[in-house]
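Peer 1: Below is a structure I'd like to ask you about.
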Amino acid sequence: MSDTPGQGPVKSIMPKWVRGPQDFVGGIALMAVALFAFWASSDLQGMHGFSFGAGTAPRMFAGLLLGLGFAIMLVGLIADGAHLQTYAWRGPLFVSLAIVSFAITIRPLGLVISAFASFLISALGTPETRWRETIIVGICLTIGCSLLFPYALGLPMQLFPRFLVQ
Amino acid sequence: MVDLFSNLALGFGVALTPINLLLCLIGALVGTLVGVLPGIGTIATVAMLLPITFGLPPVGALIMLAGIYYGAQYGGSTTSILVNIPGEATSVVTTLDGFQMAKQGRAGPALAIAAIGSFFAGCVATVLIAVLGAPLTKLALAFGPAEYFSLMVLGLIFATVLAKGSILKAIAMIVLGLLLSMVGSDIETGASRMAFNVPELADGLGFATVAMGVFGFAEIIRNLDAGAEMDRDLVQQKITGLMPTKKDLKDSFPAIVRGTILGSILGILPGGGAVIASFAAYTFEKKIAKDPSRFGRGAIEGVAAPESANNAAAQTSFIPLLTLGIPPNAVMALMVGAMTIHGIVPGPQVMQKQPELVWGMIASMWIGNLMLIVINLPLVGIWVRLLRVPYRLMFPSIVIFCAIGIYSINNAPVDVVLAGAFGLLGYWLIKHDFEPAPLLLGMVLGPLMEENLRRALLISRGDWTVFLTRPLSAVLMAMAAFLLVLAVLPSLRRKRDEVFVESET
């Protein structure tokens with residue numbers, strides 16, 4: 001990650017007539033979300049008489065978002081604005097992986113294994129990680145969470161893998 | 001007047017029972033502890049700790065929640081000051097001067113002033129709620145669906161006008177939030193909307209899930225970018241003198257008073273009153289200061305005013321909740337959730353039917369604030385030390401803690417994945433200079449707005465002019481339009497941008 005200093009402008013991949021790439025892309029993305037919402041709510045009933053159907057409000061808000069997205073895109077076209085920022089890949093990737101692995105393993109494997117494994121995965125998110133201390137802290141945190149959530153807070157949560165408990 | 005005292009006496013009678021005092025103390029402590037962890041702000045803290053209160057009686061649960069709320073808010077300003085990570089939108093401005101003070105080794109005084117200011121504001125606001133609560137409940141009777149809708153529009157416009165950056169983008173974020181709030185079952189027909197047959201989406205996107213994603217996970221991912229590294233290291237160097245000096249107190253006292261007044265007034269408005277209040281208080285302080293250039297470089301007034309204002313506003317924002325039943329901000333929305341679980345429907349009736357609950361909670365706010373100042377002034381040193389833990393160890397811990405917290409709300413792994421997805425969305429939003437706070441507000445108000453819009457139009461038989469022909473509604477709409485026009489005018493825009501200049505460096 002040291003090679004991607006987060007804030008610096010990227011060499012523009014945008015055509016020259018886009019003067020504010022950040023807004024331009026942001027606006028287009030919002031328009032895409034709005035169009036997606038139109039599609040997703042297309043099966044819902046619209047207005048009948050003067051009363052709203054289930055689909056009226058979602059389509060109304062989607063319409064508004066479409067307009068606003070278009071306006072933001074226009075601003076990006078006509079006014080000089082910020083460049084696109086670089087995205088780091090390492091942090092987002094490993095943090096997401098840790099979250100997904102937690103979600104997958106919490107049910108079958110229980111809190112102890114799941115939390116510890118996810119801790120180690122998310123620690124990969126930065127090159128600064130020193131493994132010895134990370135493992136020690138991970139163990140302490142796992143023990144702490146195992147005591148805090150199921151016992152102190154009384155939440156129903158399985159601690160150990162299912163096949164060991166049975 | 002007699003009513004006022006008997007009400008407050010009733011409240012303190014409830015709040016001062018040993019068990020409720022203990023719950024208040026635990027709430028304030030746990031709230032601070034969790035709120036201090038960077039990346040977990042007020043909203044996430046309250047959301048995470050909500051399950052603890054399920055087993056308690058309603059009054060105790062609300063008192064503990066209020067304690068968690070104040071604790072978390074205080075904890076949130078602690079991270080603003082120490083690591084430049086605002087836990088919530090309300091403490092964004094605190095970072096401007098608070099973090100600068102911390103860099104200069106004056107984290108202690110900044111934290112102490114934040115606590116003292118909050119306490120003072122809390123005292124004033126508690127009295128104000130007691131005075132205004134009952135008369136405003138009567139006003140609420142004049143509100144029909146059209147007025148509710150207009151009031152929410154006004155609140156949302158208010159929130160965008162005083163939000164950071166482009167107004168167009170802030171409005172877009174609100175609308176995106178409104179759109180997200182549409183996911184789930186339709187209130188009237190029960191039809192499943194945009195849920196793609198995912199059973200976990202049938203109830204809508206969990207508010208806590210989205211909040212934890214766009215504030216918690218997104219912040220963590222962003223902080224992992226190399227750029228943020230510098231600032232974090234700097235604060236870990238020297239922290240001396242935990243107590244504010246006499247001069248600090250003298251400088252900040254007028255700012256605290258002004259912040260409290262401004263906050264109390266703005267907090268009554270629905271739509272993120274506390275956020276607006278802290279921004280407004282900061283702008284105001286900067287405007288009347290003899291030397292405005294000190295702001296953004298560690299001026300103690302820049303911490304005192306917004307912190308008092310947001311606390312005053314946070315408390316007076318209970319007024320719309322208790323009188324109109326509208327949650328004016330994200331945390332209040334969680335409070336509504338907690339009340340509903342205990343079978344209480346917030347609104348005008350609560351004050352008449354369950355006075356001990358309302359007044360007990362109001363009294364406990366004051367006690368909670370007192371406890372915070374007592375607990376936290378001596379503990380400031382510990383919080384500071386907690387934050388010296390290097391980020392490479394801190395962030396995986398927060399990731400796991402958040403993941404467990406989200407999972408524990410519904411025992412649903414899908415929620416955890418959703419929060420992760422919203423984390424990536426939040427990262428993208430940050431990269432494109434979109435503010436996540438208006439999005440959250442839109443999400444909270446979305447269902448309420450839709451319901452009232454539908455009802456208003458049903459009553460008027462489909463006539464859209466109803467919002468302009470009913471006098472009260474027309475006034476609210478006119479105010480909203482006026483604000484919007486004012487905000488787009490170039491002269492005000494320039495001033496508005498000035499406030500945020502320092503935050504960019």
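Peer 1: Treat the count of other C-beta atoms within 10 Å as a stand-in for reagent exposure and order B:Lys246, B:Lys286, B:Lys353, B:Lys431 from fewest to most. Can you show the working numbers first?
Peer 2: Values: B:Lys246 7, B:Lys286 23, B:Lys353 11, B:Lys431 19.
In order of increasing Cβ crowding within 10 Å: B:Lys246, B:Lys353, B:Lys431, B:Lys286.
Peer 1: Sticking with this one: Using the count of nearby Cβ atoms within 10 Å as a rough guide to exposure, how do A:Cys145, B:Cys402, B:Cys123 rank from fewest to most? List each step's numbers first, then the result.
Peer 2: Details: A:Cys145 23, B:Cys402 28, B:Cys123 17.
By the 10 Å Cβ count, ascending: B:Cys123, A:Cys145, B:Cys402.
Peer 1: Which residue, A:Leu35, A:Leu68, A:Ser51, has the largest displacement toward the positive end of the dipole of chain A when charges sit on each Cβ (Lys, Arg +1; Asp, Glu -1)?
Peer 2: Checked the options; the winner is A:Leu35.
Peer 1: Compute the Cα gyration tensor for chain B, then decide on rounded, prolate or oblate, letting a ≥ b ≥ c be the square roots of its eigenvalues: rounded whenever a/c is under 1.5, prolate when a/b is larger than b/c in the other cases, and oblate in all that remain. Write out the running numbers ahead of the final one.
Peer 2: Working: a/c = 1.28, a/b = 1.22, b/c = 1.05.
In terms of gyration-tensor shape, rounded.
Peer 1: OK, next. Is it possible to state the helix-based mean residue ellipticity at 222 nm for chain A, with each DSSP H run of 4+ residues giving -39500 (n - 2.57), the sum divided by total residues, to the nearest 500 deg cm²/dmol? What is it? Let's see the in-between values first.
Peer 2: Working: 5 runs with 98 residues, N = 166.
Rounded to the nearest 500, the figure is -20500 deg cm²/dmol.
Peer 1: If we count every other residue with Cβ under 10 angstrom of B:Gly206's Cβ, Lys/Arg +1 and Asp/Glu -1, where does the sum land?
Peer 2: Details: positive: none; negative: B:Glu200, B:Asp203, B:Asp415.
Result for the neighbourhood of B:Gly206: -3.
Peer 1: Run the helix sum for chain B: -39,500 (n - 2.57) per DSSP H stretch of 4+ residues, divided by residue count, reported at 222 nm to the nearest 500 deg cm²/dmol. Could you put the intermediate results ahead of the total?
Peer 2: Working: 24 runs with 371 residues, N = 505.
So the calculated ellipticity at 222 nm is -24000 deg cm²/dmol.
Peer 1: Now, a different point. Helix A:131-147 against the longest principal axis of chain A: what's the angle in degrees, Cα atoms only, rounded to the nearest 10?
Peer 2: For helix A:131-147, the angle is close to 90 degrees.
Peer 1: Using a Förster distance of 30 Å, how high is the FRET efficiency between B:Ile341 and B:Thr189, based on the Cβ-Cβ distance and rounded to 0.05?
Peer 2: Details: r = 25 Å, r/R0 = 0.83.
E between B:Ile341 and B:Thr189, to the nearest 0.05, is 0.75.
Peer 1: Another question about this same structure. Could you put B:Ile63, B:Ile171, B:Ile116 in order, starting from the residue whose Cβ has the fewest other Cβ atoms within 10 Å?
Peer 2: Details: B:Ile63 31, B:Ile171 24, B:Ile116 21.
Result, fewest neighbours first: B:Ile116, B:Ile171, B:Ile63.
Peer 1: Kindly give Rg over Rh for chain A, based on alpha-carbon atoms, with the Kirkwood expression for the hydrodynamic radius. Write out the running numbers ahead of the final one.
Peer 2: Details: Rg = 23.7 Å, Rh = 20.4 Å.
Value, to two decimals: 1.16.
Peer 1: Could I ask something else about it? State the volume of the convex hull built on the alpha-carbon positions of region A:99-154, expressed per residue in Å³ and rounded to an integer.
Peer 2: Details: hull volume 4.1 nm³, N = 56.
Roughly 74 Å³ of hull volume per residue.
Peer 1: Residues of B:403-414, mean number of Cβ from any other protein chain within 10 Å of their own Cβ, rounded to a whole number? Let's see the in-between values first.
Peer 2: Details: counts 13, 12, 3, 3, 9, 6, 1, 0, 6, 2, 8, 1.
Average neighbour count from other chains, rounded to a whole number: 5.
Peer 1: Right, next: Select from region A:62-166 those chymotrypsin sites (Phe, Trp or Tyr not before Pro) which occupy a DSSP coil region and have at most 11 other Cβ atoms within 10 Å, ordered by residue number. If you can, show how the numbers build up before the last one.
Peer 2: Numbers: sites: A:Phe70, A:Tyr87, A:Trp89, A:Phe94, A:Phe102, A:Phe116, A:Phe119, A:Trp131, A:Tyr151, A:Phe163; in loops: A:Tyr87, A:Trp89.
Answer in residue order: A:Trp89.
Peer 1: Which entries of B:Lys103/B:Lys287; B:Lys138/B:Lys286; A:Lys16/B:Lys286; A:Lys16/B:Lys431 have Cα-Cα distances beyond 28 Å here? Let's see the in-between values first.
Peer 2: On the way: B:Lys103/B:Lys287 24 Å; B:Lys138/B:Lys286 38 Å; A:Lys16/B:Lys286 40 Å; A:Lys16/B:Lys431 21 Å.
Too far apart for the 28 Å limit: B:Lys138/B:Lys286; A:Lys16/B:Lys286.
Peer 1: Taking the Cα atoms of the protein assembly as shown, what is the range of coordinates along each of the three principal axes, in descending order and whole Å?
Peer 2: That gives 70, 66, 66 Å along the principal axes, largest extent first.
Peer 1: Within a 10 angstrom radius of each residue's Cβ in B:168-177, how many Cβ atoms of other chains show up on average? Whole number is fine. Working shown, then result.
Peer 2: Details: counts 8, 8, 0, 5, 12, 3, 4, 12, 10, 1.
Partner Cβ neighbours, averaged per residue: 6.
Values quoted throughout were computed directly from the atomic coordinates according to the rules given, and no laboratory measurement underlies them. Small disclaimer: the values here were computed from a predicted structure and weren't measured. Cβ coordinates were reconstructed from backbone atoms using ideal geometry, including for glycine residues, and neighbour counts include every protein chain displayed.
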